Amino acid sequence: MSETPLNWRAAQAVAERLLADWQPDGEPGGAITLFDAAQIRATASAGLADLAQNTPFTADSVVRYASVTKHIFAALALNATDNALSLDDRLGDLLPELHAPLADVTVGQALDMTSGLPDVRETLGLLGISVHTRSEAQPVMQFLQGLGGLNYPAGSEITYTNTGYRLVEAALQAKGYDFDQLVQQHIAQPLQVQLRAPESWFDVVPGLTPGYWRSKQGWQLASAGLHLSASGSLTGSANALTRWLQTLLADQGPGQGVLAQLSAPRYLNQGQLSAYGLGLAQTPLGKQRLLGHGGSHAGYKTYFLLAPDRQAGVALVANREDCDSFGIALQVMAALLDETLPQRSTAIPDGIYTTVAEPYWLEVKDGNVAYLGSDEPLYQADDGYAVSLSAHMPIRLKWTGEAVEGEVCHVARNFLPVTANRECLKHVQGLWYHPQYRTAFEICGDQVHIGVGPAAQTGTISSLGQGRMLVESRDGPWQKRFCLYFRGYSVDLIANRSRVLTFQRSEAGCD
């Protein structure tokens, strides 16, 4: 039986409909391209590239690709560096300054999200360093060299982290390879497209559109101070990204062999097959198995999905924080392939659930789940489970009537409804100090304060029971949610991407 023809017209109509909300005056925007291996079949765009200049957003507008960078870095690291490294190399052999257990992580684990490496941005955020605070490459590397632990034993589960890409890039730099130069030599120049990999948010990038986020005061310019790495530094347009993706579909030129290489099976220590490859994720859609990845920088969202068997794809770029990039790309691809979108699941009752005598928690609300502060939509599986479509945060859960059971990130978990204990709040009041990083936070009533003067961040805490407190605060455009896990005179700070910080009780405290 022949395959259903690709419906380019229907996909374009869906793309235009989904972008219609960005048409009002003064709104940031984005662009979507629909393409096969040879040509762009349709383009949709809406909104503004620059609110101050009133410049329309087009498929040539330059944005920050964010984590869409990852698969490009992985391809270049493995194919354009004269075998400078292999997937089985230990990071400690490439970067002797690293200490165990970070040093024992392999390059493959660093790139496939099973490393357990704490994410730099999330770890710094837990220490009270704002997303806006500027940092340079060497101090960030020194910070990583000082870390003494992983979020979990390497290879035992999967959690998204940018740190592995930063460390592999540093290993290549030590061997004389510069990421931006590799991009220019092997991709930008051969394909005649403009791509740049700046090291700082504040570097001048020709034609770069500002990113925006919506505050109570209206649209605000976004910024991020952390030194950029190959985890998410590339900039370019929708058209430039499309040109590269077409070489992947065609399996020619700089993209020859890349899709097969980056999507090759990856396994965890216990033999579990991962849907996340090397900067490339698998997404199920009906009978199709799509390949793609998303990106999120402050004020920028990107996503691409490819159907290699059908030689077709969609790419989306936007300069607005509120863009549901994955949802939009998936809907457009469903229209193109004539596939039915998966049904959302509300099988698990809304509420907060925790594991017993552990700091792991999740919140279910309106068919979405937040695990350790990271959100994913839930969908119906044929066997009654609620599942995510995320390769880097695979979730498979069911409600038993008393508990939420299943797997999260390839680890079996059992969650019970939270039994809050407000009495425990009075036992954790006061100052908690981290001697290595010379920082502290203070709990006063149901508020937690960290930082100095007007740069201090304030969060609200609530009980999760059994010595656990949920902290909720904001840092610029982002909401922060993490767990304080108290164990006598120490407290662990637990977030999805960082679980290695322990603070100690200080004699001083709030009045």
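Tabulated data
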item: Selected residue (criterion: nearest to Gln282 (Cα to Cα)) from residues of the range 78-106 that are assigned to a helix (DSSP H, G or I) and either open to solvent by 20 Å² or more (accessible area, probe 1.4 Å) or touching a helix residue (DSSP H, G or I) at 6+ places or on another chain (Cβ under 6 Å) (or both); result: Leu78
item: The range 138-151 - residue that is touching a Leu at 6+ places or on another chain (Cβ under 9 Å) and among the small types (Gly, Ala, Ser) and, of those, least open to solvent (accessible area, probe 1.4 Å); result: Gly149
item: Tally of residues being among the aliphatic types (A, V, I, L, M) and within 21 Å of Glu358 (Cβ to Cβ) across the range 449-474; result: 5
item: Test: residue in the range 2-10 that is out of contact with any Pro (no Cβ under 7 Å at 6 or more places or on another chain), under 19 Å from Ser325 (Cα atoms) and not aromatic (Phe, Trp, Tyr); result: yes
item: First in the range 182-193 and farther than 14 Å from Asn239 by Cα, second anywhere and assigned to a loop (DSSP other than H, G, I, E, B), Cβ under 6 Å, 6 or more apart; result: Leu182/Ala80; Val183/Leu195; Val183/Ala197; His186/Ala80
item: Members of the range 235-282 found to be surrounded by 18 or more Cβ atoms within 10 Å (Cβ to Cβ) and aromatic (Phe, Trp, Tyr), listed by number; result: Trp244, Tyr276
item: Gln436 being surrounded by 14 or more Cβ atoms within 10 Å (Cβ to Cβ), in contact (Cβ under 8 Å) with a residue 60 or more places away in the chain and polar (S, T, N, Q); result: no
item: Close pairs from the range 267-295: first within 12 Å of Asp112 (Cβ to Cβ), partner of a type in the set (Phe, Trp, Tyr) and surrounded by 23 or more Cβ atoms within 10 Å (Cβ to Cβ), Cβ under 7 Å, at least 6 apart; result: Gly279/Phe73
item: Flag if Thr302 is closer than 26 Å to Asn239 by Cβ and either among the polar types (S, T, N, Q) or modelled with pLDDT of 95 or more (or both); result: yes
item: Enumerated strands (runs of 3 or more DSSP E) restricted to the range 338-406, each holding at least 2 residues that are more than 27 Å from Leu290 (Cα to Cα); result: 351-354, 361-365
item: Scan of the range 161-193 for residues that are open to solvent by less than 10 Å² (accessible area, probe 1.4 Å) and assigned to a loop (DSSP other than H, G, I, E, B), ordered by number; result: Thr161
item: Filtered residues of the range 22-67 (kept if free of Cβ contacts under 8 Å to residues at least 12 places away in the same chain and in contact with a Gly (Cβ under 9 Å, 6 or more places away or on another chain)); result: Pro24, Asn54
item: Qualifying positions in the range 442-501 - within 26 Å of the chain's Cα centre (by Cα), under 20 Å from Ala420 (Cα atoms) and of a type in the set (D, E, K, R); result: Arg468, Glu472, Arg481, Asp492
item: Residues being over 22 Å from Thr133 (Cβ atoms) and among the polar types (S, T, N, Q) - total across the range 476-496; result: 1
item: Tally, over the range 10-62, of residues that are small (Gly, Ala, Ser), part of a loop (DSSP other than H, G, I, E, B) and in contact with a Lys or Arg (Cβ under 9 Å, 6 or more places away or on another chain); result: 2
item: Leading residue by the ranking (farthest from Leu245 (Cα to Cα)) among those in the range 7-36 that are surrounded by fewer than 19 Cβ atoms within 10 Å (Cβ to Cβ) and among the aliphatic types (A, V, I, L, M); result: Ala20
item: In the range 194-234, the residues that are within 27 Å of Gly253 (Cα to Cα), touching a residue at least 40 places away in the same chain (Cβ under 8 Å) and open to solvent by less than 20 Å² (accessible area, probe 1.4 Å); result: Leu195, Ala197, Val205, Ser229, Ala230, Ser231, Gly232, Ser233, Leu234
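Every residue, every condition in (1) of a type in the set (Gly, Ala, Ser); (2) farther than 20 Å from Gly351 by Cβ; (3) open to solvent by less than 70 Å² (accessible area, probe 1.4 Å), yes or no:
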position: Arg396; (1), (2), (3): no, no, no
position: Val404; (1), (2), (3): no, no, yes
position: His410; (1), (2), (3): no, yes, yes
position: Arg422; (1), (2), (3): no, no, no
position: Ala440; (1), (2), (3): yes, yes, yes
position: Gly465; (1), (2), (3): yes, no, yes
position: Arg468; (1), (2), (3): no, no, yes
position: Val491; (1), (2), (3): no, yes, yes
position: Ser506; (1), (2), (3): yes, yes, yes
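The values are calculated or read from the model by the stated rules, or taken from the named source; none is laboratory data. Here the structure is a predicted model, which is why all the values come from computation and not from measurement. Every residue, glycine as well, gets a Cβ built from its backbone with ideal geometry; the counts of neighbours run over all protein chains shown. Each accessible area value is taken on the protein alone, full model and side chains, heavy atoms only, with ligands, DNA and RNA left out. Shrake-Rupley method; radii C 1.70, N 1.55, O 1.52, S 1.80 Å.
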